[in-house]
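Input: a single structure, listed below in structure tokens.
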Amino acid sequence: MSFFLNSLNMAMAQVDAIQSMQSFSVVTPYYNEPVLYSLEELNGRVDLNPLFRKVEEKATKNKYLITLHPEEWENFLERMNATTMDEALVMSPIQVRLWASMRGQTLARTVHGMMLYEDAIKMLRWLEIGSDQAISHDNKIQQMEHIVGMKFSYITSCQMYSEQCQQNDPRAADID
């Protein structure tokens, strides 16, 4: 019991400022994987898995993802001011593709996850300078952007990009 009580009053080391943090870069190699799910992929029958072949109902990737994430789908429809998938597809097909792609094994999901480092660095900088009344709000935003530029860089190396562009591959358009 005394160990637990003493742990509540532990002397914690002082955290260094974000400016003293080491800079880092992340590289994601991209060869030929899906960037975003296409509408054809989302609405096409999923029968690669033997379990799906036995199902009478037409199981699509979109229906499967909605079944796995029903609350997230409802929240998405609410944000889109839509009530059905068809309505959301008419309003913004790219948003439906992004929603599904963020729940699958796509490059878009990887890039989105890596870019959360940028948000984390901004938040840490805001915690350092947010309460300083001597700095204007616009200057704080500018400092946050500057520190992110100094501390983090993200590169996606698209090895097949030029070939995909020449072949008018939709994945090249998704990268753009």
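The values are calculated or read from the model by the stated rules, or taken from the named source; none is laboratory data. Since we're looking at a predicted model, the values are computed, not measured. With ideal geometry, Cβ positions are generated from the backbone for all residues, glycine too; neighbour counts draw on all protein chains shown.
Per-residue answers, yes or no, for (1) under 19 Å from Val46 (Cβ atoms); (2) out of contact with any helix residue (DSSP H, G or I) (no Cβ under 6 Å at 6 or more places or on another chain):
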{"residue": "Lys63", "(1), (2)": "yes, yes"}
{"residue": "Thr67", "(1), (2)": "yes, yes"}
{"residue": "Pro70", "(1), (2)": "yes, yes"}
{"residue": "Phe76", "(1), (2)": "no, no"}
{"residue": "Thr83", "(1), (2)": "no, yes"}
{"residue": "Glu87", "(1), (2)": "no, yes"}
{"residue": "Val90", "(1), (2)": "no, yes"}
{"residue": "Arg97", "(1), (2)": "yes, yes"}
{"residue": "Arg103", "(1), (2)": "yes, no"}
For this session: Please enumerate the residues belonging to segment 111-137 that are touching a residue at least 12 places away in the same chain (Cβ under 8 Å) and among the hydroxyl-bearing types (Ser, Thr, Tyr).
Result: Tyr117
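Step by step: first the residues of segment 114-170, then only those that are of a type in the set (Phe, Trp, Tyr) and more than 18 Å from Gln19 (Cα to Cα), then the one that is surrounded by the fewest Cβ atoms within 10 Å (Cβ to Cβ). Which residue is that? Show your work before the answer.
To start, the set of residues in segment 114-170 that are of a type in the set (Phe, Trp, Tyr) comprises 117, 126, 152, 154, 161.
Add one more test, that the residue is more than 18 Å from Gln19 (Cα to Cα), and what stays is 154, 161.
Details: Tyr154: 14, Tyr161: 16.
Applying the filter and picking the extreme gives Tyr154.
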Exercise. Is at least one residue of segment 14-26 in contact (Cβ under 8 Å) with a residue 40 or more places away in the chain, in a strand (DSSP E or B) and touching a helix residue (DSSP H, G or I) at 6+ places or on another chain (Cβ under 6 Å)?
Worked result: yes
Problem set entry | Residue, modelled with the highest pLDDT, within segment 28-44, restricted to residues that are over 21 Å from Ile94 (Cβ atoms) and assigned to a loop (DSSP other than H, G, I, E, B) | Tyr31
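Specify which of the listed residues (Ser25, Ser20, Ser2, Ser7) is over 26 Å from His112 (Cβ atoms), surrounded by fewer than 10 Cβ atoms within 10 Å (Cβ to Cβ) and at pLDDT 85 or above. Outline the logic, then answer.
Working: Ser25 fails: over 26 Å from His112 (Cβ atoms); Ser2 fails: at pLDDT 85 or above; Ser7 fails: at pLDDT 85 or above.
Checking each option against the conditions leaves just Ser20.
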Exercise. So which helices (runs of 4 or more DSSP H) are wholly in segment 97-176 and hold at least 1 residues that are under 30 Å from Trp73 (Cβ atoms)?
Worked result: 107-129, 170-175
